[in-house]
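This report concerns only the one structure given below.
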Amino acid sequence: MAKMKFWQALNQALKMEMERDENVFVLGEDVALYGGTFKVTEGLVEKYGTMRVLDTPIAENSYVGLAVGAALTGLRPVAEVMSIDFASLAMDQIVSSAAKMRYMFGGGCKIPLVIRAPEGTGTQKGAQHSQCLEAWFAHVPGLKVVIPSTPYEAKGLLLASIRDDNPVVFIEHEKLYNISGEVPEDDYTVPIGSADIKQKGDSVTVITYAYMTHLSLEAAGELSKEGINAEVIDLRSLKPIDEETILASVEKTNRAVIVEEDPLTLGIGAEISAIIAEKAFFNLDAPIIRVAGKDIPIPYSKELEKMSVPNTRDIIDAVYKTLYMD
């Protein structure tokens, strides 16, 4: 396997699918000549031309609407929204059109559309460019939502998403673009709806995703020095969600800590808590603990930004709380 960065794995996936299927095309702001804000589309326009790699105006409602229409005709568009914050400008196209049409037409059409969107804190981009909005999209019936944490999953999930006949919101955490990992050069997919146990353990289940997966593994490493063996589950897919893996782990460890970067109130963790409470309540030896972002706009100040989202110490303290709660 080759070692490559997260953005390179995404780039390779796009090249492979564009080579394999002439119906795949890419569109968005600065995706062609500039190669994308995070270089994910670098080299595509040189190889596939401006008919398949389209620079668009700064008009998310327009080009996402174009992508929905293209998907209806049998093409497979991959639309890059420069930041997930800007997806708010295309919510009608995403929520009222892409997510609903297959149902409204009785299954008579397909919507093979991928919307790629960076998100996340840690880069000092302020309140309007640092949000984690995955819960918005996971709440909408008809949309699939995936969010990889490693280069391996970035490539495999993107290939699976492009080949899916339903609209997929593909979220990429900005702090992951330059992490490196082993990625097979050949064709493979990571199934949408499957979680991955990143570390096995029997003391407590830590359920997380995206950048928080790496902090959770750091916390698990520290906890292991004290004989606390945390099982770390990377969700990878938020809609559909892998309930089976979550419940099997909680049945084994009898404790659950959920770690997420999005705001606490009505976040992804709230849904996971409900799943565990409804389907594994009698397996629990302690209350479920959520570690999440604060319910505030993300500050620009570097130190305040750090304080607004979870860190490794917060995860360790949450594990202590669920293990040693009176």
Quick check on my filter: what residues within the stretch 134-155 are open to solvent by 10 Å² or more (accessible area, probe 1.4 Å) and either among the basic types (K, R) or under 11 Å from the mean Cα position of the chain (by Cα) (or both)?
A135, A138, K144, T150
Among the residues of the stretch 97-128, how many are among the aliphatic types (A, V, I, L, M) and in a strand (DSSP E or B)?
3
Could you tell me whether the stretch 167-180 includes any residue that is within 27 Å of N61 (Cβ to Cβ), out of contact with any Phe, Trp or Tyr (no Cβ under 9 Å at 6 or more places or on another chain) and part of a loop (DSSP other than H, G, I, E, B)?
yes
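Across the stretch 79-96, what is the number of residues that are assigned to a helix (DSSP H, G or I), polar (S, T, N, Q) and closer than 27 Å to I298 by Cβ?
Keep residues of the stretch 79-96 that are assigned to a helix (DSSP H, G or I), which gives 84-96.
The next check asks that each one be polar (S, T, N, Q); those that pass are 88, 93, 96.
Subset that is closer than 27 Å to I298 by Cβ: 88, 93.
Total satisfying the criteria: 2.
Being of a type outside the set (A, V, I, L, M, F, W, C) and open to solvent by 30 Å² or more (accessible area, probe 1.4 Å) is the filter; apply it to the stretch 296-310 and report the residue that is nearest to G126 (Cα to Cα). Before the answer, list the steps.
Residues of the stretch 296-310 of a type outside the set (A, V, I, L, M, F, W, C): 297, 299-303, 305-306, 308, 310.
Of the ones still in play, those that are also open to solvent by 30 Å² or more (accessible area, probe 1.4 Å) are 297, 300-303, 306.
Numbers: P297: 8, Y300: 4, S301: 8, K302: 10, E303: 12, K306: 12 Å.
Once the filter is applied, the top-ranked residue is Y300.
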So which helices (runs of 4 or more DSSP H) are wholly in the stretch 1-78 and hold at least 1 residues that are open to solvent by less than 70 Å² (accessible area, probe 1.4 Å) and farther than 24 Å from S97 by Cβ?
6-20, 44-48
Given the conditions (1) in contact (Cβ under 8 Å) with a residue 60 or more places away in the chain; (2) closer than 22 Å to Y324 by Cβ, which single one is not true for F282?
(1)
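Only residues that are more than 25 Å from Q131 (Cα to Cα), of a type outside the set (F, W, Y) and surrounded by fewer than 20 Cβ atoms within 10 Å (Cβ to Cβ): list them for the stretch 311-326, please. Can you show your working first?
Taking the stretch 311-326 and keeping what is more than 25 Å from Q131 (Cα to Cα), we get 319-326.
If we keep only those that are of a type outside the set (F, W, Y) too, we end up with 319, 321-323, 325-326.
Across the stretch 311-326, the qualifying residues are K321, L323, M325, D326.
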Hey, among E42, E119, which residue is closer than 21 Å to L159 by Cα and touching a His at 6+ places or on another chain (Cβ under 7 Å)?
E119
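Right, Q131: buried (at least 21 other Cβ atoms within 10 Å of the Cβ), without any contact (Cβ under 8 Å) to a residue 40 or more places away in the chain, polar (S, T, N, Q) and out of contact with any Lys or Arg (no Cβ under 9 Å at 6 or more places or on another chain) or not?
Numbers: buried (at least 21 other Cβ atoms within 10 Å of the Cβ): yes; without any contact (Cβ under 8 Å) to a residue 40 or more places away in the chain: no; polar (S, T, N, Q): yes; out of contact with any Lys or Arg (no Cβ under 9 Å at 6 or more places or on another chain): yes.
So Q131 does not fit the description; no.
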Filter result (touching a Ser or Thr at 6+ places or on another chain (Cβ under 6 Å) and within 22 Å of E119 (Cα to Cα)) within the stretch 166-205
V168, F170, E174, G181, I192, G193, A195
Inter-residue pairs, beta-carbon under 8 Å, first more than 14 Å from F105 (Cα to Cα) and in the stretch 60-73, second in a helix (DSSP H, G or I) and of a type in the set (S, T, Y), 6+ apart
G65/S97; V68/S97
May I ask you to list the residues in the stretch 239-264 that are of a type in the set (A, V, I, L, M), open to solvent by 50 Å² or more (accessible area, probe 1.4 Å) and in contact (Cβ under 8 Å) with a residue 24 or more places away in the chain?
L264
What are the residues in the stretch 86-96 that are surrounded by fewer than 20 Cβ atoms within 10 Å (Cβ to Cβ) and closer than 18 Å to H139 by Cβ, if any?
S88, M91, D92, V95, S96
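Which members of the stretch 156-202 meet the condition of being among the aliphatic types (A, V, I, L, M), without any contact (Cβ under 8 Å) to a residue 60 or more places away in the chain and surrounded by 17 or more Cβ atoms within 10 Å (Cβ to Cβ)? Write out each step before concluding.
From the stretch 156-202, those among the aliphatic types (A, V, I, L, M) are 157-160, 162, 168-169, 171, 176, 179, 183, 190, 192, 195, 197; that's our starting set.
Then keep just the ones that are without any contact (Cβ under 8 Å) to a residue 60 or more places away in the chain; that gives 160, 168, 190, 192, 195, 197.
Within the stretch 156-202, A160, V168, V190, I192, A195 qualify.
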Output for Cβ contacts, cut-off 9 Å, separation at least six or different chains, first residue at positive phi in the stretch 42-56, second among the charged types (D, E, K, R) and not in a loop (DSSP other than H, G, I, E, B), reads G43/K15
Filter the stretch 136-159 down to the residues that are in a helix (DSSP H, G or I) and touching a strand residue (DSSP E or B) at 6+ places or on another chain (Cβ under 6 Å) and list them by number.
F137, A138, P151, Y152, K155, L157
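The values are calculated or read from the model by the stated rules, or taken from the named source; none is laboratory data. Just so we're clear, the structure is a prediction, and the values are computed from it rather than from any experiment. A quick note on method: Cβ atoms are made from the backbone with ideal geometry, for glycine too, and the neighbour counts reach across all protein chains shown. Just so you know, the surface numbers come from the protein's heavy atoms only, side chains and all, with ligands and any DNA or RNA stripped out. Shrake-Rupley method; radii C 1.70, N 1.55, O 1.52, S 1.80 Å.
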